[in-house]
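Note sheet for the following structure.
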Amino acid sequence: MELNLPNPTEWAIPAFIVLILAEIALFRVRNRRAYEARDTLTSLLLGLGSTVAGALTAGIMFAIAMWVYQYRIFDFGFVWWAWPLAFVLDDFAYYIKHRLGHRMRWMWAAHVIHHSSQHYNLSTALRQTWTNILTPGFVIALPLFLLGFHPLLVAFCGGLNLVYQFWIHTEAIGKMPRWFEAVMNTPSHHRVHHATNPRYLDSNYAGVFIIWDKMFGTFVPETDEEEIRYGIVKQLGSFNLLWAAFHEWVGIARDMWNAPGLKNKWNYLVQPPGWSHDGSRDTSDTIKARWRDKMMQENRPTRETGFAEPAE
């Protein structure tokens with residue numbers, strides 16, 4: 001028996017809008033500039049485009065999932081215990097995919113959209129990719145179908161995962177109770193993930209459960225030692241919608257075209273963002289290594305200040 005399950009993210013859209021308006025009002029009362037009109041509009045339009053792109057490609061993804069599902073080892077169906085189990089396993093799969101999304105440029109090209117705003121607010125959560133189908137990320141979920149979880153059930157759990165992640169994109173909430181911070185992803189943990197500060201790069205990949213980061217050594221706590229700067233290492237520098245959606249794909253195409261030899265061309269696709277065949281650019285690893293060396297030499301933390309507004 002197959003259920004006609006709703007899309008949780010679509011059902012949550014009215015709540016998203018209400019909460020964004022509430023956050024705008026809150027920061028105005030606090031006299032803080034957390035929103036920039038053009039940046040927010042870009043985020044909303046990227047979210048709309050992502051919804052359209054998802055609808056156009058959903059049939060292809062579902063067909064692939066069902067093809068794999070026919071070879072399932074077990075048949076869990078929609079028994080009650082399959083729901084929480086699928087939710088946890090899907091969140092683990094999200095952690096793996098998200099981590100690869102920062103460590104493989106091919107996948108970063110789609111994911112970078114979500115990090116391209118220099119502001120951190122609830123509208124940033126809606127800044128989603130248009131090009132997910134062009135990456136190999138969908139492969140990570142296939143073992144769930146092969147194991148015996150129905151694709152509709154996994155899709156529903158994935159939607160709930162995305163709904164959960166909406167509220168953690170805010171500076172309005174400090175730290176949650178210690179027990180909650182220990183297990184769940186929170187605004188504090190996710191602010192770290194969106195930071196460009198060297199100490200924070202490539203950390204806190206969790207969707208719902210922060211335990212994955214703690215298990216696999218990618219957890220970094222938020223600290224008061226330095227102010228968080230948001231965005232990407234090389235800031236987008238534009239509010240242009242199409243540039244925001246496709247700029248990294250353009251960069252990959254240029255690098256592959258100009259790279260000498262097939263191996264270097266391939267590496268521009270699968271190596272981490274910032275990799276170059278001649279070592280002339282910085283990856284997150286080299287940036288963090290240089291920061292650690294500086295800390296050791298100075299024997300003290302640094303405080304990075306300032307906020308570079310995107311240029312048109």
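The values are calculated or read from the model by the stated rules, or taken from the named source; none is laboratory data. Note that the coordinates shown come from a computational prediction; the quantities given were computed from them, not determined experimentally. Because the Cβ atoms are built from the backbone with ideal geometry, glycine has one as well, and the counts that use them run over all protein chains shown. SASA here: full protein model, heavy atoms, side chains in, ligands and nucleic acids out. Shrake-Rupley method; radii C 1.70, N 1.55, O 1.52, S 1.80 Å.
Considering (1) within 24 Å of residue 231 (Cβ to Cβ); (2) touching a strand residue (DSSP E or B) at 6+ places or on another chain (Cβ under 9 Å); (3) of a type in the set (Ser, Thr, Tyr), the lone condition that residue 69 does not fulfil carries the number (1). Counting residues in region 23-40 that are within 13 Å of residue 125 (Cβ to Cβ), at pLDDT 90 or above, touching a Phe, Trp or Tyr at 6+ places or on another chain (Cβ under 9 Å) and among the polar types (S, T, N, Q) gives zero. All conditions but one from (1) open to solvent by less than 20 Å² (accessible area, probe 1.4 Å); (2) assigned to a helix (DSSP H, G or I) apply to residue 117; the one that does not is (2).
Of the residues in region 170-193, not one is under 16 Å from residue 108 (Cβ atoms), of a type outside the set (Asp, Glu) and in a loop (DSSP other than H, G, I, E, B).
With respect to residue 32, is the statement that it is part of a helix (DSSP H, G or I), more than 24 Å from the chain's Cα centre (by Cα), more than 29 Å from residue 133 (Cβ to Cβ) and charged (D, E, K, R) true? For residue 32, the condition - part of a helix (DSSP H, G or I), more than 24 Å from the chain's Cα centre (by Cα), more than 29 Å from residue 133 (Cβ to Cβ) and charged (D, E, K, R) - is not met.
A Cβ distance below 6 Å, combined with a sequence gap of six or more or placement on separate chains, defines the contacts here; from region 13-41, residues that are open to solvent by 50 Å² or more (accessible area, probe 1.4 Å) reach residues that are in a loop (DSSP other than H, G, I, E, B) in the pairs 26/172; 38/239. All told, residue 197 falls short of being touching a residue at least 12 places away in the same chain (Cβ under 8 Å), open to solvent by less than 10 Å² (accessible area, probe 1.4 Å), of a type outside the set (Asp, Glu) and touching a helix residue (DSSP H, G or I) at 6+ places or on another chain (Cβ under 8 Å). Filtered by the rule that a residue be open to solvent by less than 20 Å² (accessible area, probe 1.4 Å), over 25 Å from residue 104 (Cβ atoms) and assigned to a helix (DSSP H, G or I), region 135-164 gives a lone residue, 153. Would a scan of region 214-225 turn up a residue that is crowded, with 19+ Cβ neighbours inside 10 Å and within 30 Å of residue 41 (Cβ to Cβ)? Yes, some residue in region 214-225 is crowded, with 19+ Cβ neighbours inside 10 Å and within 30 Å of residue 41 (Cβ to Cβ).
In region 176-191, the residues that are small (Gly, Ala, Ser) form Cβ pairs under 7 Å with partners that are at pLDDT 95 or above and open to solvent by 60 Å² or more (accessible area, probe 1.4 Å), at six or more places apart or across chains, as follows: 188/175. Taking the listed residues 106, 167, 130, the one that is open to solvent by 50 Å² or more (accessible area, probe 1.4 Å), over 29 Å from residue 267 (Cα atoms) and not aliphatic (A, V, I, L, M) is 167, with no other qualifying. Considering (1) open to solvent by 40 Å² or more (accessible area, probe 1.4 Å); (2) of a type outside the set (S, T, N, Q); (3) within 26 Å of residue 122 (Cα to Cα); (4) part of a helix (DSSP H, G or I), the lone condition that residue 46 does not fulfil carries the number (1). Once region 226-262 is narrowed to residues that are among the basic types (Lys, Arg) and assigned to a loop (DSSP other than H, G, I, E, B), the residue that is least open to solvent (accessible area, probe 1.4 Å) is 229.
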